[in-house]
1. Work out from phi, with θ = phi - 60° and the Karplus expression 6.51 cos²θ - 1.76 cosθ + 1.60, the ³J(HN,Hα) of each residue of segment A:14-26, listed in order in whole Hz, and give x for Gly and Pro.
2. Can you compute log10 of I(q)/I(0) for segment A:169-305 with the Debye formula, treating each Cα as one identical point scatterer, at q = 0.10, 0.11, 0.19 Å⁻¹?
3. Of all DSSP beta bridges located in the protein assembly as shown, what percent are antiparallel, nearest 5?
4. Using only Cα atoms, locate the centre of segment B:103-139 and the centre of segment A:129-155, then give the distance between them in Å, rounded to an integer.
5. Would you tell me the mean number of C-beta atoms belonging to other protein chains that fall within 10 Å of each C-beta in B:130-137, as a whole number?
6. Looking at segment B:32-139, which GluC sites (Glu not before Pro) are DSSP coil and have at most 14 other C-beta atoms within 10 Å of their C-beta?
7. Would you mind getting me the FRET efficiency between A:ARG284 and B:HIS126? Use the beta-carbon distance for r and R0 = 45 Å, nearest 0.05.
8. Determine the shielding of peptide A:105-114 by partner chains: average, over its residues, the number of Cβ atoms on other chains within 10 angstrom of each Cβ.
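The values are calculated or read from the model by the stated rules, or taken from the named source; none is laboratory data. Keep in mind that what you see is a predicted model, and the values were worked out from it rather than measured. In this analysis, Cβ positions are derived from the backbone assuming ideal geometry, glycine residues included, and neighbour counts consider all displayed protein chains. These accessible areas exclude ligands, DNA and RNA; they are computed on the full protein's heavy atoms, side chains included. Shrake-Rupley method; radii C 1.70, N 1.55, O 1.52, S 1.80 Å.
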Amino acid sequence: MKNLIDPMDLSVKEIDNLLNLADKITANPSAYEDVCNHKTLATLFFEPSTRTRLSFEAAMLELGGNVLGFSSANSSSAAKGESISDTIQTVSCYSHIIAMRHPKEGAPLAGATRASVPIINAGDGGHNHPTQTLTDLLTIRREKGRLDNLTIGLCGDLKFGRTVHSLMKAMSRYKNIRFICVSPEELRIPEYLKRDVVEKYNIEFIEVEKMEDVIDELDVIYMTRVQKERFFNEADYIRLKDSYILDLDKLKTAKKDLSILHPLPRVNEIAVEVDDDPRACYFRQVKNGKYVRMALIMTMLGLHK
Amino acid sequence: MNIDSIKNGIVLDHISAGKSMRVYDSLNLDELDCSVAIIKNVKSQKMGRKDIIKIDNDFEIDLDVLGYIDPNITVSYIKDGITVEKKKLALPETITNVEVCKNPRCITSVETSLPQTFKLVDKENHVYRCVYCESRIAK
């Protein structure tokens, strides 16, 4: 694996290997604390991020490696108009692996064409976020014990949510997956995704407007934020907004072993009262993100055979 | 209407009616010094109407560009008045610097030195997507 730009760059077998390694690291972190000695990760974040950047940095530090980089375009030569390929070629001289986030779609791929070290896409606009997908897959596998035979609810902004699109693509390769998409009509998943994923893999797929109608059927619910500005009119927003907030009342009819995931940050789409429910996995999900990034860094540096 | 046959050159036949000017522009035929004939709306048994371009000189044609514009075009190479080679085209797997990505969120919108490359993702429906942002070419 030279670069990780798109979650679909990874085969099911490669994903399994990464998740297995993440499990091993979690079980015995001290065995891996020197694996990346004398290796440096560059985190090039052309737009702000809390979780992803810190998760990458924590991952590398816990592997015994070093970290350098910047956390906004303003603190790099991009502010002077330097091209991505020049920045990447320069940083390739100082590091062994690069994690890059950029607001423009396809920027990590543009950088990868000129990089002499592996590039990890840490999010490119509304396009791809492969390490979030790996985090989600690891979380589902840990919580449910499997990645097949699942009914997965996707709730909220399914039109613009890149994490939802990537998760659907990745999960579609496993057996007997059923998607229930819960969103207002304006924010349903794009047509191309229905054609290229749902129809192509012949996946059972339902679209509904209200969470209450389907929550009892779900093994996993993947929550995302619904933004008011995405609605065409105020009346629809007022009519539907509460349908996309998960609270203890709605969870009354849910399965006892439901897993609640969220890529975070959340605003109000999951009530704080849900945090103490054992079905809430989103903070465990954050931790899983670190372990899966540790596995990814090791694999891409060729330190795990 | 009579157009002289050519002795040494290239004939682009079976161009879908109305596409000849696009072919002319895309292959930069305006930069040639030789005679170039664009014949539009010729009656055709197979196609109903078609366009033909005759180029009175041999030069290297970008068959990928041509295949992308219209994979049904036939390219005939003429030498001493005789057709020495006929090529049928196919949709190319990738095209570079033929189209421009219209997605304002695409990296190519700000890094203009990047090659504008599109990949064929659906042969049946002639769908190409930007390799960077995966936006579909807006026809």
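1. Working through the residues one at a time gives 5, 5, 4, 4, 5, 5, 5, 5, 4, 5, 5, 4, 4 Hz.
2. With no solvent term, the Cα-only Debye profile gives -0.42, -0.50, -1.25.
3. Bridges in the protein assembly as shown that DSSP calls antiparallel: roughly 45 percent.
4. Result: 30 Å between the Cα centres.
5. Details: counts 2, 5, 10, 10, 6, 3, 1, 0.
Partner-chain Cβ atoms within 10 Å, mean over residues of B:130-137: 5.
6. Sparse-neighbourhood loop GluC sites (Glu not before Pro): B:GLU60, B:GLU93, B:GLU124.
7. 0.45
8. 6
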